[in-house]
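This report refers to the structure that appears directly beneath it.
The values are calculated or read from the model by the stated rules, or taken from the named source; none is laboratory data. All values derive from a computational prediction rather than experimental measurement. For neighbour counting, all protein chains shown are included, and Cβ atoms are generated from backbone atoms with ideal geometry for every residue, glycine included.
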Amino acid sequence: MGERKEYKLADVAIDFAMGPFGSNIKAENFIESGVPVIRGKNLNFYKYVGGDFVCLSDEKADELKKSNCFPNDLVFTHRGTIGQVGLIPKGKYPRYVVSQSGMKLTVDKNKLDENYLFYFFKSDIGQYELLKNESQVGVPAISSPLSSLKSVDLTLPPLPEQKAIASVLSSLDDKIDLLHRQNKTLEAMAETLFRQWFVEEAQKDWEIVKLDSLINISSGKGLKKEHLSENGAYPVLGANGEIGRTNEFLFNESLLFTGRVGTLGNIFRVENEKVWLSDNTLVIKPKNYFNFIYFVLKTAKLEEYNVGSTQPLIRQSDIKEIEISLPSENKLHEFEKESDLLLNKIRQNKSQIRTLEKLRNTLLPKLIRGEVRVNYEN
């Protein structure tokens, strides 16, 4: 195993740049397709920059050439939601522009592997280094962001070992990503089956009922801050999914939930898990036909039931009043059986994802610190 050496990030990267000030990217500059602008929301992926982009013309990107970034560059947020990091993937777009809340760097490939550096910044050591100059006044920000980034302390193994470490962690992330994509496909297949059976092939003689007759509905419950725990055993779930962890649970059964206030329209499944559902959710317990009710709600466009004045809001009473065509019990039983073949696979994949994420999160700091070493060839 090679000896680890200490560096400043400026010693092993060849280009640092910040995004342009807000006055240089205005809404009227955005076009439907062109050069993507990387914002904080595009870094909400474990590794690669992705998601939906706003775009600039080639001419505008040329004007902002100092803020241009390219495949294999790393991008960071220095204002707002700070501490985010993403690696620009190959083959998506030839270039990007980093937004005013971001900064980017290009590594010296003779000294540093960009994938290793990404994982360094995802570790607790890297996050400390990235945020050690955080401003405590007003909007969260990193003081003198480029200078702060350049001064990050790194203890690096030899380049071949960096690549070997990154390969181990990337293989876990790649498998996790594959399972997530499989789940999206399986979910889409089950929803297609629902639409075919109960929308396209709906019969005029089916009974019209209100959803209230098929479900029980209630609100979640607020959780005091002192009961939140970063390493809590159970998830705290809100309108967008997991928002924290706790060692207490409110439910331990199968149920559905959706946003009550704030974000509306997302429908989530909880299947015999211990969870805490926050007070910005509505908790829906189907009396029968769990999968059927799930897809009824998914296709009901609940966001259109918004009655809020200052922020989006949906009422229990409005969900109860939704009318649906109810087919025969035989058809409902058959759908539960057919859809379970797909949804059970999703459950298995989710279990595997949790196992892989736990392994990755355990290995990551140990590999970065050198507490666990990997074999490699020079």
Would you be able to tell me the number of residues in region 268-290 that are outside any strand (DSSP E or B) and either more than 15 Å from residue 243 (Cα to Cα) or within 21 Å of the chain's Cα centre (by Cα) (or both)? 6
Residues (among the hydrophobic types (A, V, I, L, M, F, W, C), surrounded by fewer than 14 Cβ atoms within 10 Å (Cβ to Cβ) and over 23 Å from the mean Cα position of the chain (by Cα)) located in region 185-236: 199, 202, 208, 209
Of the conditions (1) touching a strand residue (DSSP E or B) at 6+ places or on another chain (Cβ under 6 Å); (2) surrounded by 14 or more Cβ atoms within 10 Å (Cβ to Cβ), residue 332 clears all except one; give me its number. (1)
Just give me the residues in region 1-15 being modelled with pLDDT of 95 or more and closer than 28 Å to residue 65 by Cα, in sequence order. 8, 9, 10, 11, 12, 13
With 278, 325 as the choices, which residue is of a type in the set (Ser, Thr, Tyr) and surrounded by 18 or more Cβ atoms within 10 Å (Cβ to Cβ)? 278
Residue by residue through region 66-101, note down the ones that are at pLDDT 90 or above and among the basic types (Lys, Arg). 66, 79, 90, 95
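Take the residues of region 305-322 that are surrounded by fewer than 17 Cβ atoms within 10 Å (Cβ to Cβ) and touching a residue at least 12 places away in the same chain (Cβ under 8 Å): which is nearest to the chain's Cα centre (by Cα)?
Result: 311.
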Consider residue 234 against the criteria (1) touching a residue at least 12 places away in the same chain (Cβ under 8 Å); (2) over 22 Å from residue 256 (Cα atoms): it satisfies all of them except one. Which criterion is unmet? (2)
Filter region 254-268 down to residues that are surrounded by 18 or more Cβ atoms within 10 Å (Cβ to Cβ) and closer than 25 Å to residue 338 by Cβ, then give me how many there are. 6
Unmet requirement for residue 265, which otherwise passes all of (1) more than 19 Å from residue 243 (Cβ to Cβ); (2) not in a helix (DSSP H, G or I): (1)
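Just give me the residues in region 205-230 being of a type in the set (Lys, Arg) and touching a helix residue (DSSP H, G or I) at 6+ places or on another chain (Cβ under 8 Å), in sequence order. Steps first, answer last, please.
Residues of region 205-230 of a type in the set (Lys, Arg): 210, 221, 224-225.
210, the sole residue that qualifies.
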Scope region 237-252; condition in a strand (DSSP E or B), at pLDDT 95 or above and exposed (fewer than 15 other Cβ atoms within 10 Å of the Cβ); matching residues: 252
Scan region 147-174 and report the pairs whose first residue is more than 17 Å from residue 108 (Cβ to Cβ) and whose second residue is among the hydrophobic types (A, V, I, L, M, F, W, C) and in a helix (DSSP H, G or I), with Cβ atoms within less than 6 Å and a gap of 6+ or a chain change. 165/367; 172/356
Which one of the conditions (1) under 21 Å from residue 14 (Cα atoms); (2) hydrophobic (A, V, I, L, M, F, W, C); (3) out of contact with any helix residue (DSSP H, G or I) (no Cβ under 6 Å at 6 or more places or on another chain) does residue 178 fail to meet, given that it meets all the rest? (1)
Region 222-236 - residue that is in a strand (DSSP E or B) and aliphatic (A, V, I, L, M) and, of those, nearest to residue 305 (Cα to Cα): 236
